[in-house]
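A quick write-up on the structure given underneath.
The values are calculated or read from the model by the stated rules, or taken from the named source; none is laboratory data. Everything numeric in this text was worked out from a predicted model, so none of it was measured. Accessible surface areas use protein heavy atoms only, side chains included; no ligands, DNA or RNA. Shrake-Rupley method; radii C 1.70, N 1.55, O 1.52, S 1.80 Å.
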Amino acid sequence: MKLTITPKAQEWFKRELELGEGQGIKFYGKVYGKTQVHDGFSVGMSVDIPESPLVETILEDQLFFIEEADEWFFKGYDLVVDYDTELDEPKYDFNQI
């Protein structure tokens, strides 16, 4: 499983979120919503300190990660985090492995 952050998404995160020492941006599965591969669940995002990361991506000293506890949500897929210019927010694409 891979976690890819596009340059436009990374710019949004830098502009919108402030990270403290040891913190990163965590992606997880949350109840309610819908993704292209899950009905009733959507992608959540928060600023957090990694405990047991399943996958990590570091771009320009910015950490992005998914915890092992959320493997059920991402299993069998790579996650691509992109930027939606119309909504001015991240968008999430799942690519089957």
(message) For the full complex of protein chains and a 1.4 angstrom probe, list Ile97, Ile5 by accessible area with the highest value first.
(response) Ile97, Ile5
(request) Calculate how large, on average over all directions, the projected area of the Cα convex hull of the chain is; give the answer in nm² to one decimal. (result) 6.0
(request) Go through the range 87-97 residue by residue and turn each phi into a ³J(HN,Hα) via Karplus (6.51, -1.76, 1.60, θ = phi - 60°); whole Hz please, and just put x for glycine and proline. (result) 8, 6, 7, x, 10, 10, 10, 9, 10, 5, 7
(request) State the extension gain, in nm to one decimal, for the chain segment bounded by Ser52 and Ile97, taking 0.36 nm per residue of separation less the distance between their alpha-carbons. (result) 14.0 nm
(request) Find the eigenvalues of the gyration tensor of the Cα atoms of the range 50-97, then list the square roots of 5 times those eigenvalues as equivalent ellipsoid semi-axes, largest first, in whole angstrom. (result) 20, 16, 9
(request) Multiply the residue gap between Arg15 and Asp84 by 0.36 nm, knock off their C-alpha separation, and tell me the result in nm, one decimal place. (result) 23.4 nm
(request) Counting only DSSP beta bridges with both residues in the chain, tell me the antiparallel percent, nearest 5. (result) 80
(request) Before rounding to the nearest 500, sum -39500 (n - 2.57) across all DSSP H runs of length at least 4 in the chain and divide by the residue total; then give [θ] at 222 nm in deg cm²/dmol. (result) -3500 deg cm²/dmol
